[in-house]
């Protein structure tokens, strides 16, 4: 085991697109990993491929408790409460993280159960419109942002209290697990996460659903003429409806805020088109400038000629538990920066 | 020359993404093709690659007139009027088509000049967010819908008048040119085209601009977290602003109509989220069903295992000039179907 390996086994609860893809990456990098899948067919498929997977949740959690694994909760939002209850009963000493696409509803459930000292939240900003073990694949997370929440440490620091060593150790292991997937660990507080993903993830999902309907309203001719711009903008309407609802409905407040911005811009454009001299210069110029900035800031640089893409996210190297490290997390968050732990 | 070749040389006026890509396909299939490019650097680059390109519009049109070429107008909407004037002066007997993304404004200019008997409108539903000769490439149009308008024939038929043989011959050559690119020729009347592309092309452009702004409003953190759903939905905001404005502002009426549908759906979603029990089941279920239908109808079938993809658009084989052929075009239009001429 090298100093950059995760210091304990990893137990993934839920092996769909995200959990399954994480398991594939961890196995490929020879980390000890096993997991639970509710789906019997998914479990069978995973076992057939040689993965250490069970469809018995209690037995899986008991095993995690006995070997001190870190738990990764990779179930849809609506299943999180019951998984946390099972963890409280069968794996009461395990540290845990999650990959759910909203963070406040998860953190509320964690705090209701008094589990926050052994929880570090997570959310990989990666995925496809497909779901289930059969959709999982290696290297899904390469260069993706993987949000890591740290509200527990920040709140203790604000109160002048020490951060327990167990939490720091869990934080380090979650960062190392993220590094194995070649995602980029971005520290973000729960509230800021939910606001940001309301804009850049949940809003695009709502738009994809609405645009699909408007296109479909055009009948077979419009359907036949739909090309790249339409297909790309509606791709995620292919996501399972229950997953889209779980994301959007549990992040409703932030989503309403960004929807209001969107509706305002579209209404302005509509009014600027409904005149004798249609003119949407303001929208198009601002949109093009915003797009240029976003391209420059998100993910790998296009101009890189090397096959090893250079991230355009600023990097901060920090030593969890060291002096001022929580302030460093706050600073990285304000920049959308990634962290490397040592 | 085989019976499926275009029966005359092709002269492309404007060699950007669309005109340039068309030229590459035609050369590759040994059709006689030459063209004009306003950009001196674009012309130089094309000539250097061995293409027959000039930056002298008058000379190019005189050449087309002398060898009876069919003209392809591939300039932005705002340049169409001056190109038509130049054609009227220097190539008064050439048949012509175009690739402009709105059809009524072009057809209005054609009719103002009394040129409709030698015009068959066109619009390939393909492209990228890049523009200019340097963005052009072979096989850009494979399996794309290539709209061909036929209002001239339909209006004559309604009035019980004969359709001139020259127009029929031009229609056939435009269909054959489209076949060379492996696009699918879809007959559509001018008004129906503009309504449909308002929904499935211009609306996605407006949405991409607005969504880019909303994402950018989230600052560096939101920019850093933007992933696939956001990037896909905003990709076409990278298009040159003047091209987006030309498309949207010249198709304002149809675009306002589809924007109103979109704003209504987003406002309903917003209101259904801004409650104690957020619920967007209606939107997400309808959106997912619409997406499923659209996937089934647009372009190639996914399930095909053959490298030769099967089009899911219904096909109608017809003999231009034959009995009832214009009614067949009307029927194909109502189905979003493609035609093959013989």
Original post:
How about region A:201-221: which of its residues are in contact (Cβ under 8 Å) with a residue 40 or more places away in the chain, at the interface with chain B (Cβ under 7 Å from one of its Cβ atoms) and closer than 30 Å to residue A:314 by Cβ?
Top reply: A:201, A:203, A:205, A:207
Subject >> Selection count where residues are under 17 Å from residue A:162 (Cα atoms), touching a residue at least 24 places away in the same chain (Cβ under 8 Å) and in a loop (DSSP other than H, G, I, E, B), scope region A:308-342 >> reply: 2
Original post:
residue A:299 versus (1) surrounded by 13 or more Cβ atoms within 10 Å (Cβ to Cβ); (2) modelled with pLDDT of 90 or more; (3) at positive phi: which is the lone unmet condition?
Top reply: (2)
Original post:
Residues of region B:316-342 being within 14 Å of another protein chain (Cβ to nearest Cβ) and out of contact with any helix residue (DSSP H, G or I) (no Cβ under 8 Å at 6 or more places or on another chain), which ones?
Top reply: B:331, B:332
**OP:** Scan region B:280-296 for residues that are more than 7 Å from chain A (Cβ to nearest Cβ) and either within 12 Å of residue A:207 (Cα to Cα) or outside any helix (DSSP H, G or I) (or both) and jot them down.
**Re:** none
**OP:** Check region B:160-174 and report whether any residue there is in contact with a helix residue (DSSP H, G or I) (Cβ under 9 Å, 6 or more places away or on another chain), closer than 20 Å to residue B:6 by Cβ, crowded, with 20+ Cβ neighbours inside 10 Å and within 14 Å of chain A (Cβ to nearest Cβ).
**Re:** no
**OP:** For residue B:136, state whether it is crowded, with 20+ Cβ neighbours inside 10 Å and touching a residue at least 40 places away in the same chain (Cβ under 8 Å).
**Re:** yes
Original post:
Which condition number in (1) over 23 Å from residue B:78 (Cα atoms); (2) surrounded by 20 or more Cβ atoms within 10 Å (Cβ to Cβ); (3) more than 7 Å from chain A (Cβ to nearest Cβ) is the one that residue B:276 fails?
Top reply: (2)
**OP:** Tell me the helices (runs of 4 or more DSSP H) entirely within region A:52-122 that contain at least 3 residues that are more than 27 Å from residue A:30 (Cα to Cα).
**Re:** A:80-90, A:104-112
Subject >> Output for region B:123-146, where each listed residue is on the phi > 0 side of the Ramachandran plot and either in contact with a strand residue (DSSP E or B) (Cβ under 8 Å, 6 or more places away or on another chain) or assigned to a helix (DSSP H, G or I) (or both) >> reply: B:143
Subject >> Selection within region A:76-99 - crowded, with 20+ Cβ neighbours inside 10 Å and at pLDDT below 95 >> reply: A:77
Original post:
Among the residues of region A:225-264, how many are without any contact (Cβ under 8 Å) to a residue 24 or more places away in the chain, surrounded by 23 or more Cβ atoms within 10 Å (Cβ to Cβ) and under 20 Å from residue A:287 (Cα atoms)?
Top reply: 2
Subject >> Whichever residue in region A:176-194 is at the interface with chain B (Cβ under 7 Å from one of its Cβ atoms) and outside any loop (DSSP other than H, G, I, E, B) and, among such residues, is surrounded by the fewest Cβ atoms within 10 Å (Cβ to Cβ) >> reply: A:192
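The values are calculated or read from the model by the stated rules, or taken from the named source; none is laboratory data. Just so we're clear, the structure is a prediction, and the values are computed from it rather than from any experiment. All Cβ positions, glycine included, derive from the backbone under ideal geometry; neighbour counts span all protein chains shown.
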